[in-house]
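Data block below; observations after.
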Amino acid sequence: MNLPNKLTVSRFVLTGFFLGAIFARFPYNETVALVLFTAAAITDALDGRIARQRKLITNFGILMDPLADKILACSALIAFVELGQFEAWMVVVIVSRELAITGLRLLAVSRNVILAAEGFGKHKTISQMTAIIAILLLLSYEQWGSVGIAIFGWGFAGHSWLWWVAGVSKWASVILTILSGWIYLWRNREVYLSDT
């Protein structure tokens, strides 16, 4: 297994540890969850770049890299619904889009066609990661004492500026999720229309 694929697999492992940290009750658990999620997000940025630079692109990577992204992001978003940090309807929209695209990819694979990620999908992923990290920062910055308060505690209307960033990021992630899903389904419509 090459390095990019190892990074992809590590994202699955980090997702499990992240969920353990976010739901556990121990000192600084939100900070630990932030570190684990950020590490997983960094592997997402690295694996594709390394694969392209070193010409290590494989079918495993093409299929599993986006799946690892979906599992990481959807796990975090579902956890946030439980914690009251993300609206359930937004998560339903996001998860539904991810399942639809995964289904399309599986249908394509059954026909020996590999559908790679597209540009809008990458923007969608970045917007989701930004929203998740903003929420994790919002949950954890007070644990860092005066340093966290000094950096993240200021704002207006009684809220940290992170609260506003998280709110805008949530809406951006939903809009980009819908848009990228529609574009992906339209561009690859021959995969599912040929069966009807």
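This table checks each residue for (1) modelled with pLDDT of 90 or more; (2) in contact with a helix residue (DSSP H, G or I) (Cβ under 7 Å, 6 or more places away or on another chain); (3) closer than 24 Å to residue 100 by Cα.
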site	(1), (2), (3)
26	yes, no, no
36	yes, yes, no
40	yes, yes, yes
62	no, no, yes
73	yes, yes, yes
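When 23, 17 are checked against the criterion of being loosely packed, with under 15 Cβ neighbours inside 10 Å and either over 14 Å from the mean Cα position of the chain (by Cα) or among the hydroxyl-bearing types (Ser, Thr, Tyr) (or both), 23 stands alone in meeting it. Screening 98, 190 for residues that are in a helix (DSSP H, G or I), of a type in the set (D, E, K, R) and within 18 Å of residue 79 (Cβ to Cβ) leaves exactly one candidate, 98.
Scan segment 116-132 for residues that are closer than 21 Å to residue 64 by Cβ and assigned to a helix (DSSP H, G or I) and the total you get is 11.
Considering 148, 155, the condition of being surrounded by fewer than 16 Cβ atoms within 10 Å (Cβ to Cβ), more than 30 Å from residue 119 (Cα to Cα) and out of contact with any Pro (no Cβ under 8 Å at 6 or more places or on another chain) is satisfied by 155 alone.
Out of 93, 113, one residue alone is among the β-branched types (Val, Ile, Thr), touching a residue at least 60 places away in the same chain (Cβ under 8 Å), under 16 Å from residue 70 (Cα atoms) and surrounded by fewer than 18 Cβ atoms within 10 Å (Cβ to Cβ). It is 93.
Scanning segment 134-193 for residues that are touching a Ser or Thr at 6+ places or on another chain (Cβ under 8 Å), under 20 Å from residue 36 (Cβ atoms) and free of Cβ contacts under 8 Å to residues at least 12 places away in the same chain yields a single hit, 148.
Every test in (1) under 14 Å from the mean Cα position of the chain (by Cα); (2) in contact (Cβ under 8 Å) with a residue 60 or more places away in the chain is passed by residue 77 save one, and that test is (2). If you filter segment 33-57 down to residues that are aliphatic (A, V, I, L, M) and touching a Phe, Trp or Tyr at 6+ places or on another chain (Cβ under 8 Å), you find that the one that is farthest from residue 142 (Cα to Cα) is 40. If I ask for residues that are loosely packed, with under 14 Cβ neighbours inside 10 Å and part of a loop (DSSP other than H, G, I, E, B), which ones from segment 47-86 would you list? 54, 55, 83, 84, listed by residue number.
The values are calculated or read from the model by the stated rules, or taken from the named source; none is laboratory data. Please read these numbers as outputs of a predicted model, since none were measured by experiment. As a convention, Cβ positions derive from the backbone with ideal geometry for all residues, glycine included, and neighbour counts pool all protein chains shown.
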